[in-house]
Amino acid sequence: MSHNIKGLVQDSSSKQCVPLCSLADLKLRFLCPSDLPEVKTLCRQWFPIEYPDVWYEDITTNPHFYALAATLHMQIIGLLVAETKPLSKMNKEDQDILPPSLTGQTQIGYILTLGVSDSFRGHGIASLLLDNYLGHLTAHESPQVQAVLLHVLTTNQRAITFYQRRNFV
Ligand SMILES: CC(C)(COP(=O)(O)OP(=O)(O)OC[C@H]1O[C@@H](n2cnc3c(N)ncnc32)[C@H](O)[C@@H]1OP(=O)(O)O)[C@@H](O)C(=O)NCCC(=O)NCCS
């Protein structure tokens, strides 16, 4: 099955405004191997894509990924998975939506997955995860990332609005 997707890229020149999360007991932590079954169940609920098992193994074990879980009372209710790679390793279509001034060596932040469990949406959890990731990218220890990119189904208006309000174009 094929899906219409569009690439969104963040305009880093604009200011971000991220709401605080309204859930007091919410915690953020990195994924670990024992999270695999829970992550798989959640991704199957949120996304119309079947990822291979190796993908779940990768994002729960490989430190290359910035794989963050939002938990409430030990249960994962939100996830953000991202990676950093040079522009030259991106698909041609993705390269084309990035500013032409960027070179092949430019580091790009790519968000593979962002999702929040249905009953916890609208509490600022995705904003918190995204803010944490963008904060990590602007920290000194991270390789210098010049743009953040992601894909979203053209029918996923809620997610498109979410990203557009956070300066993605
Ligand atoms: C898109 C998605 C990640 C958004 O998650 P979310 O946790 O609901 O997002 P947030 O709560 O941070 O922001 C959503 C809205 O709730 C608002 N909000 C934030 N805190 C709130 C609160 N305490 N009470 C009510 N609303 C609040 C935000 O302001 C935001 O509205 P805005 O865009 O008008 O500013 C979620 O709908 C989802 O998981 N969808 C399915 C998976 C998906 O499509 N992922 C994206 C493609 S990768």
Problem set entry | Solvent-accessible surface (1.4 angstrom probe) belonging to Phe168, in square angstrom, nearest 10 | 0
Problem set entry | Carbon and sulfur %, accessible surface of the chain computed with the full protein complex present, 1.4 Å | 53
Exercise. Each residue of the stretch 152-169 in turn: what ³J(HN,Hα) in whole Hz from Karplus with 6.51, -1.76, 1.60 and θ = phi - 60°, glycine and Pro shown as x?
Worked result: 9, 5, 5, 8, 8, 5, 4, 5, 4, 4, 3, 5, 4, 5, 10, 6, 7, 10
Exercise. With the chain treated as a Gaussian network of Cα nodes joined by springs under 10 Å, which of Ile76, Ile111, Ile97 yields the largest mean-square fluctuation?
Worked result: Ile97
For this session: Report, in deg cm²/dmol and to the nearest 500, the calculated mean residue ellipticity at 222 nm for the chain, where each DSSP H run with n ≥ 4 adds -39500 (n - 2.57) and the sum is divided by the residue count.
Result: -8000 deg cm²/dmol
For this session: Rounded to whole Hz and in sequence order, give me ³J(HN,Hα) for the stretch 42-49 from the Karplus expression 6.51 cos²θ - 1.76 cosθ + 1.60, θ = phi - 60°, writing x for Gly and Pro.
Result: 5, 4, 5, 6, 8, 10, x, 10
Exercise. What percent do you get for the relative contact order of the stretch 5-164 when only Cα pairs under 8 Å and 6+ apart count?
Worked result: 30
Exercise. Roughly how big is the stretch 5-164's charge dipole about its Cα centre, with Cβ charges of +1 (Lys, Arg) and -1 (Asp, Glu), in debye to the nearest 20?
Worked result: 280
Exercise. Looking at the stretch 5-164, what % of the alpha carbon pairs are farther apart than 18 Å?
Worked result: 60
Problem set entry | Sequence-distant aspartates and glutamates (8 or more away, or on other chains) whose Cα lies within less than 20 Å of Lys40 | Glu50, Asp53, Glu57, Asp58, Glu83, Asp118
For this session: Pull up all non-local amide H partners of Thr106: gap of 5 or more, or a different chain, and H-to-H distance under 5 Å with H placed in the peptide plane.
Result: Leu87, Ser88
Problem set entry | Cα-based reach from Lys85 at 15 Å (exclusive), listing aspartates and glutamates while leaving out same-chain residues under 8 positions away | Asp94
For this session: Using only protein heavy atoms and a 1.4 Å probe, report how much of Thr71 is accessible, in Å² to the nearest 10.
Result: 10
Exercise. Once phi is turned into θ = phi - 60°, what whole-Hz ³J(HN,Hα) does the Karplus curve with 6.51, -1.76 and 1.60 give for every residue of the stretch 107-112, x standing for Gly and Pro?
Worked result: 7, 10, x, 10, 8, 7
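The values are calculated or read from the model by the stated rules, or taken from the named source; none is laboratory data. Predicted model, so just to flag it, every value in this text is computed and none were measured. Every residue, glycine as well, gets a Cβ built from its backbone with ideal geometry; the counts of neighbours run over all protein chains shown. Please note that ligands, DNA and RNA were not included when accessible areas were found on the heavy atoms of the full protein model with its side chains. Shrake-Rupley method; radii C 1.70, N 1.55, O 1.52, S 1.80 Å.
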